[in-house]
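> If you scroll down you'll find the structure; I have some questions about it.
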Amino acid sequence: MNNEVDLTREFLEFVEQQPQQTLRQLLSRVLQKSRQLTGAEAGTIFILRRKKSGAVLRAINAQNDRVRVQSSDFEVPVGPGTIAGYVAHSGETVVIDDVYTISPGLPYSFNPAFERRNYQSHSMLCFPLKNYTNRIIGVVQLINCISPATGKVIPFDPHVAQLYTPVSRIIASSIERTDMLEQIRHKNTTLRER
């Protein structure tokens, strides 16, 4: 219980440090802090967007300590198939020891075609960002937990994954607030330009 309180407090303080940040800045900071607290070598943070064709996860920020990545935008459909899409669809946290040994009977899979050159994913922790009304607004996907002792890839601690449930509500609410303020500012600018 003490770890949960400490993690929640640390994330609250971290997220609220800069109240006048853009959505991209906030999401980048959330991903960086998530990686730091879990020992993840890499990760991607997605925001859920609704389109006429259905719900998608839009990758807003990608980070990797081993290989250089550009924070390019790409989309993943919400639903069974991909790991992040499944998490957004089901609302469940997924912890995978090795993405190359995912059982074929599971509702998600890993596609090695998306691996970066000179990089290989192994362990993964993927959790939904739910607001206080339990609505999913995004997903954080963390890749390759690194052992501080050996520098080698190890599985993510399932206990740490459980601690993210209360923290994700704090994060999601902050993201929603920032997104809403950004949309209001954009609409005000558009109205002024008329």
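Residue-wise test of (1) in a loop (DSSP other than H, G, I, E, B); (2) in contact with an Asp or Glu (Cβ under 8 Å, 6 or more places away or on another chain).
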{"site": "L57", "(1), (2)": "no, yes"}
{"site": "R66", "(1), (2)": "yes, yes"}
{"site": "G85", "(1), (2)": "no, no"}
{"site": "L106", "(1), (2)": "yes, no"}
{"site": "H122", "(1), (2)": "yes, yes"}
{"site": "V139", "(1), (2)": "no, no"}
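> Identify the residue in the range 132-144 that is more than 11 Å from the chain's Cα centre (by Cα) and open to solvent by 10 Å² or more (accessible area, probe 1.4 Å) and, among all such residues, is nearest to E41 (Cα to Cα).
Filtering first and then ranking leaves I136.
> Of the residues T44, T38, which single one is modelled with pLDDT of 90 or more, under 17 Å from V139 (Cα atoms) and open to solvent by less than 80 Å² (accessible area, probe 1.4 Å)?
Result: T44 is the single residue among T44, T38 that is modelled with pLDDT of 90 or more, under 17 Å from V139 (Cα atoms) and open to solvent by less than 80 Å² (accessible area, probe 1.4 Å).
> Within the range 147-161, which residues are hydrophobic (A, V, I, L, M, F, W, C) and surrounded by 11 or more Cβ atoms within 10 Å (Cβ to Cβ)?
Scanning the range 147-161 gives V153, I154, F156, V160, A161.
> Identify, by number, the condition in (1) more than 21 Å from R169 (Cα to Cα); (2) touching a strand residue (DSSP E or B) at 6+ places or on another chain (Cβ under 6 Å); (3) surrounded by 15 or more Cβ atoms within 10 Å (Cβ to Cβ); (4) not small (G, A, S) that F110 doesn't meet.
(2)
Conditions tested, residue by residue: (1) among the aliphatic types (A, V, I, L, M); (2) touching a residue at least 24 places away in the same chain (Cβ under 8 Å).
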position: V56; (1), (2): yes, no
position: N61; (1), (2): no, yes
position: T82; (1), (2): no, yes
position: G91; (1), (2): no, yes
position: I102; (1), (2): yes, no
position: G105; (1), (2): no, no
position: E115; (1), (2): no, no
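The values are calculated or read from the model by the stated rules, or taken from the named source; none is laboratory data. None of these values were measured; they are calculated from a predicted model. FYI the Cβ positions are ideal-geometry reconstructions off the backbone, even for glycines, and counts take in every protein chain you see. What goes into the accessible areas is simple: the full protein's heavy atoms, side chains included, and nothing from ligands, DNA or RNA. Shrake-Rupley method; radii C 1.70, N 1.55, O 1.52, S 1.80 Å.
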